[in-house]
Amino acid sequence: MVLCVTSVVSKDESKKDPYELPAVKIATKPKIDGNVTPEEWGGIPSGSGFFDSRTGQPTEGGTFWIAYDDKFIYFAAKLDAKDPKSLKATEYRSNVSLRSDDAVFLAVDVFGSLTNFNTFGINPRGATDIRIAGGRAAKREWLGEFLANGRITETGYEVEAQIPWGVMRLPESGKRNARIQVVRYDSKTQRQGDWRFTNSESSLIPTWTNVDLPKSGNGRSIKLLPFGYGGINKVNTIANAGLDLKTSISDRIDLVGTINPDFRNIENQVLSLDFSYFERLAGESRPFFLEGGQYFSTSMDAPLFAPQRINKFDFGVKTFGQVGDKSDFAMLDTVDIGVRNSFAGILKHKFSPFTSATFGMTSLTGNDTNDNTATYAAVGHQVGNWNLFGQHMLTRDTALGNGSRFNTGGFYSKNGLVSVLEYQQVSPQFLPRLGFAPERNYKGFAFSIDKTRTIPTGAVMETEFALSGQDYRTYDGNAPYRSGLTGVASATLRDGTDIDVAYSYEKFFGSHDRTLFLSVEKPRGDRYRHWQVDAIFGDISGEPYRSVRGLVSYRPAWNWQVDFSLQDVRHFTNTTQSILSTVYDIGRDMSISGRMVRTGSDTNAYMAFRKSGSKGAEYFVILGDPNARKFQAALVLKAVFPMEIRF
């Protein structure tokens, strides 16, 4: 089949800007079968060559093509590989993580603002990975899917895909310049190769010129996910129902709501037994909070809003999106009737490709907690390879009074060298109860230097050396608080073996802590088949410390994954934690999963059957409670039935 091109490239190819690619609209779409032929793609603009995203050195090559019509973006790629038999393509399903597979990714910012990239990945088997700008939960009926196919060839692999415009949030229809980047991931080297090397300068991300955007199909319907569940436990019967909903207020703004939410089928992250002087926070996995989650992001080490703080609530609503081409916003409110109300709001504005600002506020009120408000303001500016930043937070709490946090510094990145210098000061009264601030009552400086080097030949594939440290005194400056240095050395061998060594010395008030960390992993970064052993020895808080942790991931069959970890910690007391989890895919839309967690003398286990993909409907049968500390004898059936009301 030959594509009919309705707009042609008039610019002399020899004079073409290497950081631009002309957009071409086609009248006849290609066959998405994973077989890239000149007859189908010969008349389409293409890009060739890939460069290591850190160092700018050429990687294994390849060519891609991109075109579009009123419904879809069409993408094809042929990627070279020296040893095609070593290509990794474990996943075969849609909307999954491809982080351990060889894959090619198309990143598209249709607004051209350099802040709202939608990323679509395809592995050599045609499995897909969707990451929509702003963050979306893994609900297929909300997220949308794109069609893709792939195959391994004698010289590498090739893929084809059609991506619906409707999956993305779109600006007004008409011609405009978008931004695109094509990235290939090499599972052997675990390095990323970019079509155009940007050296971390977002303004250099290539332009897809004169795209004639169609009218958005979003915003004219309400998607409803009513669910019900019932079952039995030791005490009584279980029966309840609820509703999730999503709609588009405009082409750029979404609204998500939930009534009587139920997260009993969500498996939360289990924290390890590693010692810490400060609170640790597990990752968030609940779909309501994942929707638009990126719009709520602020400081990484002390975020204004951490949804894990909100446990139980009766109903919630959130809205997020764009105001103009340069501003993003997000607002969330949850209500536990008669108990508490939680609110969070964030506004981000990009003044130019180099300068941006963020403002935010949270509010917590209720009968079971101290009333608390927190505000956040930050500015960032890029100067060459430097990213300069400043952040200021204020809190007001009925128990602690007024508190503040201020930090400023710079981040430098070039050719595998990354360094950070930062000044922080946090008052004793600082406490954002809806955020995460594990450390307070200090001020001082912190730094880090990290150098990664790739080696093209020989037994060693990559080396990394890092040095970090801090010198903090109490907020009033009268006493030492925390100071120390940490050195890290890492080497990755050509066969995937990764060896890490780290030594840390830290003074924390009156304690002199020394630890030696050793880790061996093979192959590095493969979440399907690998083993890892970590060990920490030393003295912490005046007592000998020893922690040994082993992890094994194995795939007995192409559709069966088993993971097991065991950690033994000897410090003030001896504690052991073991985690066994498994997933068996019955098909593309059915699976059986389970997890057993034993911490000390407490053991919990659960098993679940899931069926999804039948026009969006989902069914769960759950034995036990995935997140209880001890086993709960319960059997629950949960069913979700999607509906859509168009208007």
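Farthest toward the positive end of the dipole of the chain, out of 58, 256, 640, is the Cα of 640, where the dipole comes from beta carbon charges about the Cα centre.
Quick one: if you take sqrt(5λ) for each eigenvalue of the C-alpha gyration tensor of the range 375-445, what semi-axes come out, biggest first, whole angstrom?
Largest first, the range 375-445 gives 29, 12, 9 Å.
Between the residues 577, 277, 538, the greatest Cα displacement towards the positive end of the dipole of the chain, with unit charges on the Cβ of Lys, Arg, Asp and Glu, is found for 577.
For the chain, what is the convex hull volume of the alpha-carbon atoms per residue, in Å³?
Details: hull volume 107.0 nm³, N = 647.
Considering the Cα atoms of the chain, their hull volume per residue is 165 Å³.
In the range 341-417, a dipole from Cβ-located charges (positive for Lys and Arg, negative for Asp and Glu) runs towards its positive end, and of 363, 412, 349 it is 412 whose Cα lies farthest in that direction. Our coupling estimate for the range 222-233, obtained by passing each phi through the Karplus curve with A = 6.51, B = -1.76, C = 1.60 and θ = phi - 60°, is 10, 9, 10, 10, x, 9, x, 9, x, x, 9, 9 Hz, Gly and Pro reported as x.
Do the alpha carbons of any pairs in 350/451; 223/318; 25/71; 326/348; 31/82; 71/215 sit beyond 18 Å of each other, and which pairs? The answer is 350/451; 31/82.
Ranking of 273, 364, 580 by solvent-accessible surface, largest first: 580, 273, 364 (1.4 Å probe, protein heavy atoms only, all chains present). On the beta carbon distance between residue 383 and residue 499, with R0 = 51 Å, the FRET formula returns roughly 0.90. The spacing between the range 364-383 and the range 601-647, judged by their C-alpha centroids, is 34 Å. Legend: Rg and Dmax of the range 347-502, from Cα coordinates, 20.0, 65 Å. Convex hull volume of the Cα atoms of the range 25-73, normalised per residue: 109 Å³. Roughly how many whole Å is it from the C-alpha centroid of the range 307-336 to that of the range 431-479? So the two Cα centres are separated by 31 Å.
Using θ = phi - 60° in the Karplus curve 6.51 cos²θ - 1.76 cosθ + 1.60, the 3J(HN,Hα) couplings for the range 174-188 round to x, 7, 7, 8, 9, 10, 9, 8, 10, 10, 10, 10, 9, 5, 5 Hz; x is entered for Gly and Pro. Computed with the Debye formula from one identical point scatterer per Cα of the range 551-647, without solvent, the log10 of I(q)/I(0) at q = 0.10 Å⁻¹ comes to -0.39.
Per DSSP helix of 4 or more residues, -39500 (n - 2.57); summed, then divided by the residues of the chain. What does that give at 222 nm, rounded to the nearest 500?
Numbers: 3 runs with 12 residues, N = 647.
The helix contribution divided over the chain gives -500 deg cm²/dmol.
For the chain, the per residue solvent-accessible surface stands at 46 Å², with DNA, RNA and ligands left out and a 1.4 Å probe.
When a/c reaches 1.5 or more, the comparison of a/b and b/c decides; with that in mind, is the range 144-229 rounded, prolate or oblate per its Cα gyration tensor? In terms of gyration-tensor shape, oblate.
Here the label points at residue 570 and residue 414, each 7 Å from Cα along the C-beta direction, are separated by 4.9 nm in the simple model.
The label-point distance for residue 643 and residue 28, in a model that sets each label 7 Å from Cα toward Cβ, rounds to 4.4 nm. Note that the range 281-289 has calculated 3J(HN,Hα) couplings of 10, 6, x, 8, 10, 7, x, 4, 7 Hz, one per residue in order, obtained from phi through the Karplus relation 6.51 cos²θ - 1.76 cosθ + 1.60 (θ = phi - 60°); glycine and proline are x.
The dipole here belongs to the chain: it is taken about the Cα centre, uses +1 on the Cβ of Lys and Arg and -1 on the Cβ of Asp and Glu, and is about 680 debye.
The values are calculated or read from the model by the stated rules, or taken from the named source; none is laboratory data. Since this is a predicted model, take the numbers as computed values, not measurements. Glycine also receives a Cβ, built like all others from the backbone with ideal geometry; neighbour counts cover every protein chain displayed. When the accessible area is computed, the model is the full protein with side chains, heavy atoms only, and any ligands, DNA or RNA have been set aside. Shrake-Rupley method; radii C 1.70, N 1.55, O 1.52, S 1.80 Å.
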